[in-house]
Number of protein chains: 2
Amino acid sequence: VKLKVAWIGKSKESHFQCLAEEYLKRIGRYAEIEGVALKQEAALLELSRKPSGPRHTLVVLDERGRQLSSQGWAAFLRDCQDRHRSPLLFAIGSANGFSRQTVEAADHVLSFGPMTVAHELARVMLLEQLYRAFTILKGHPYHSGH
Amino acid sequence: VKLKVAWIGKSKESHFQCLAEEYLKRIGRYAEIEGVALKQEAALLELSRKPSGPRHTLVVLDERGRQLSSQGWAAFLRDCQDRHRSPLLFAIGSANGFSRQTVEAADHVLSFGPMTVAHELARVMLLEQLYRAFTILKGHPYHSGH
């Protein structure tokens, strides 16, 4: 499975950035993954439907979406792999979240719940959950607390 | 309002620790707050019911708890302040979460949703949410994306 994880806006806080890089590295043991910093939300739809490349399956994180357990995240990744065969593009919005247009254009909308979370923190939460999902699928003991 | 934020187990990852310290510092502008690292869960109940000190209002984070929006977190803090007048003790469990006994002993059980989250990450999520709650109560523009 090929993955891209996109976020809108610059990183201001180096600790969030270091944590994001650490999880990208760990996920890299299981899948081809790339982190992409976008300046504006408009660039996200362009990236997902680039005429020169494959169509991506776009998954946005938004409070209007479905909440999954960690087992649910693992099942979601496995199903995407089985069904779509296209690269997966996960995206975290800017400080203001996503526009309705982007949410409607997405193939899947997932949620971390009703709380508003700093977007740099949401990026780390997404990457940790993706890493956890891969360890569940591969039987690595991370999810059982090690 | 006086706050303690307790977690069980050592920090392994310095970036999580630095972020936790940063939010503790920021919350310190609004309330008297202290971070407490506990070796074991048993120490949590001792800390909350120390005969020598005030009885604390114990709030544990557990997936069996209530999910709140950020506005809900702000209202929760305000209500605790109004009702209990006792210091608040928020706690994040170890990698295995909390025992049923601790959850039953808690005054309030709040949840970040059905996902399992690394406990060091959960600590940062809790502190960010407390900071956001104070900025909402005080009318600071952090919550509106600045």
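The values are calculated or read from the model by the stated rules, or taken from the named source; none is laboratory data. Small disclaimer: the values here were computed from a predicted structure and weren't measured. We place every Cβ from the backbone using ideal geometry, glycine too, and count neighbours over all the protein chains shown. Each accessible area value is taken on the protein alone, full model and side chains, heavy atoms only, with ligands, DNA and RNA left out. Shrake-Rupley method; radii C 1.70, N 1.55, O 1.52, S 1.80 Å.
Residue by residue along B:40-48, Cβ atoms of other protein chains within 10 Å of the local Cβ number 0 on average.
Largest first, the three principal axis extents of the alpha carbons in the protein assembly as shown are 69, 43, 29 Å in whole numbers. When chain B is described by a simple charge dipole with +1 on each Lys and Arg Cβ and -1 on each Asp and Glu Cβ, the residue from B:135, B:111, B:18 located farthest towards its positive end is B:135. Just checking the listed ones, B:89, B:110, B:58: in the Gaussian network model of chain B with Cα springs under 10 Å, the one fluctuating most is B:110. Tell me, how many Å apart are the Cα centres for the stretch A:46-68 and for the stretch B:123-146? Cα centroid of the stretch A:46-68 versus Cα centroid of the stretch B:123-146: 28 Å apart.
Normalising the average separation of contacting C-alpha pairs (under 8 angstrom, six or more residues apart) by the number of residues puts the relative contact order of chain B at 34 percent. Residues in the protein assembly as shown average 48 Å² of solvent-accessible surface per residue, probe 1.4 Å, ligands and nucleic acids excluded.
Among B:43, B:124, B:56, whose Cα sits farthest toward the positive end of the charge dipole of the stretch B:34-133 (+1 at Cβ of Lys/Arg, -1 at Cβ of Asp/Glu, about the Cα centre)? Going by the Cα projections, it comes out as B:56.
Using alpha carbons only, what's the Rg to Rh ratio of the stretch A:1-42 with Rh from Kirkwood?
Reported Rg/Rh (Cα atoms, Kirkwood Rh): 1.00.
Hull surface divided by four, with the convex hull built on the Cα atoms of chain A: how many nm²? Write down the numbers at each step before the final one.
Working: hull surface 33.8 nm².
Seen from a random direction, the Cα hull of chain A projects 8.4 nm² on average.
Taking the centroid of alpha carbons for each part, the stretch A:3-31 and the stretch B:77-110 are 32 Å apart.
Using a 10 angstrom Cβ neighbour count of at most 16 plus a DSSP loop assignment to flag exposed trypsin sites (Lys or Arg not before Pro), which longest range of chain B is free of such sites? With a cap of 16 other Cβ atoms within 10 Å, the longest stretch comes to B:86-146. Listed values for the stretch B:43-48 are Karplus-derived 3J(HN,Hα) couplings in whole Hz (6.51 cos²θ - 1.76 cosθ + 1.60, θ = phi - 60°), namely 5, 5, 5, 4, 4, 6, and x replaces Gly and Pro.
Where nothing but the Cβ of Lys and Arg (+1) and of Asp and Glu (-1) is charged, how large is the charge dipole of chain B around its Cα centre, in debye to the nearest 20? Don't jump to the answer; show the numbers that get you there.
Working: 20 positive and 15 negative charges, 66 e Å.
So the dipole magnitude of chain B works out to roughly 320 debye.
Shape class for the stretch B:1-70, computed from the alpha carbon gyration tensor (a ≥ b ≥ c): rounded, with a/c under 1.5. Chain B contacts chain A over a buried accessible area of about 2300 Å², both sides summed; the probe is 1.4 Å and only protein chains count. Backbone amide hydrogens, once placed in the peptide plane, bring residue A:2 within less than 5 Å of A:88, excluding anything fewer than 5 places away on its chain.
In the structure displayed, which of A:12/A:50; A:10/B:138; A:2/B:4 lie more than 32 Å apart, Cα to Cα? Write down the numbers at each step before the final one.
Working: A:12/A:50 28 Å; A:10/B:138 27 Å; A:2/B:4 43 Å.
Result: A:2/B:4 exceed 32 Å.
Taking Cα centre as origin and charging only the Cβ of basic (Lys, Arg, +1) and acidic (Asp, Glu, -1) residues, the dipole magnitude of the stretch A:1-61 rounds to 160 debye.
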